[in-house]
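Below you'll find the structure, written out as structure tokens, and then a few comments.
Readers should treat all values here as calculations from the given coordinates under stated rules, not as data from a laboratory. Bear in mind that the values here come from a model prediction, so they are computed numbers and not experimental data. FYI the Cβ positions are ideal-geometry reconstructions off the backbone, even for glycines, and counts take in every protein chain you see.
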Amino acid sequence: MQSRAVAELPSPPAAGLRWDDSPCPLCAASDAEPLFEAADPTPPADEPARRFLVVRCRQCQLTYTNPRPDADEIQRFYPSDYRPHRPRKPAHTRGPHPFERLLGRPTSERRGVLPWPGVGRLLDFGCGGGGFLQRMADLGWDVTGLDTSPAAVRAVTEDLGLKAHVGTLPHSQLRPCSFEVVTMWHSLEHVHDPLGVLREAYHLLVPGGRLVVACPNIESWAFRRYAESWFGLDLPRHLTHFTPTTLGRMLQTAGLRVMDVRGVRHSGWLRASARRAIATPLGDWLDRVFQWKPAAKVAAWAVYAAGQSDSLLAVAERPA
């Protein structure tokens, strides 16, 4: 399948924002090479069109958005109806897909990772509308949510009746060794200091506790094909762009023992990427095919089997 290159068009930061020119979030080196620029796929209605630069650290190979809006300014790029913040009903628990039985392990997120035997205290970092929290509470877990969106936290506490706090890590309301599990479902890539967040998660876990992280995979086939149109890029909201190697390295640097880093399939991401590509001059017949749900599902399975999924799932443990 043909890949599409992303145009390398570095440009100075646009005026009117407070910008954070960051060293590498993993190794702190100030030695990065520009890779490409890409546009915000869902720009705020009252903001001018902007493009954002993605760079790669020459020392540790971590890829990240730089410069980027600072921690206060980035909120301007989250619309009031941002989909992950919407109140959601918990997904129904399903058994393994036949392909999962054949391949020997789950290939989609949030199945086969939790729960393991027994229940305990769980923190969901970036809890959004609370669907996952509700599901785990129904299974007997003592759950707590954390999110930077006051509206999302209000929905979790008022509509679902669950514990949740506004903010990020570290948080004054959370004490060391308070959780058996910390989950980060597509939230780590949104923070300005991912290593600091992981180190705080380490302190919040009891010895032997587990951390679960899901994030996009910039080494995926989907990124190589779709480049700027790839659904998992989402600049500038995604600030760090992980590969299996750099995600594992960051978890280890935070003091955690990495148990597994694997790909998971997202046929919906493939369909969304194809729709974006069709709206550009680079869209082709294959993108039109991938807009068809059965074709996208088959392609997602094929990419997963080849080890090129566009999302990663990592499980790590605080050593006892």
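If both residues of a DSSP beta bridge must be in the range 90-317, then about 45% of such bridges are antiparallel. Annotation for E47 and A320: the two label points, set 7 Å from Cα along the Cα-Cβ direction, are 4.7 nm apart. If you plug the beta carbon distance of A28 and C177 into 1/(1 + (r/R0)^6) with R0 = 30 Å, you get a FRET efficiency near 0.65. Using 0.36 nm per residue and subtracting the Cα-Cα separation, the extra length available between D21 and D284 on full extension is 91.0 nm. When only the Cβ of Lys, Arg, Asp and Glu is charged (+1, +1, -1, -1), the dipole of the range 90-317 relative to its Cα centre reaches about 560 debye.
Using θ = phi - 60° in the Karplus curve 6.51 cos²θ - 1.76 cosθ + 1.60, the 3J(HN,Hα) couplings for the range 25-34 round to x, 9, 10, 6, 6, 9, 9, 10, 9, x Hz; x is entered for Gly and Pro.
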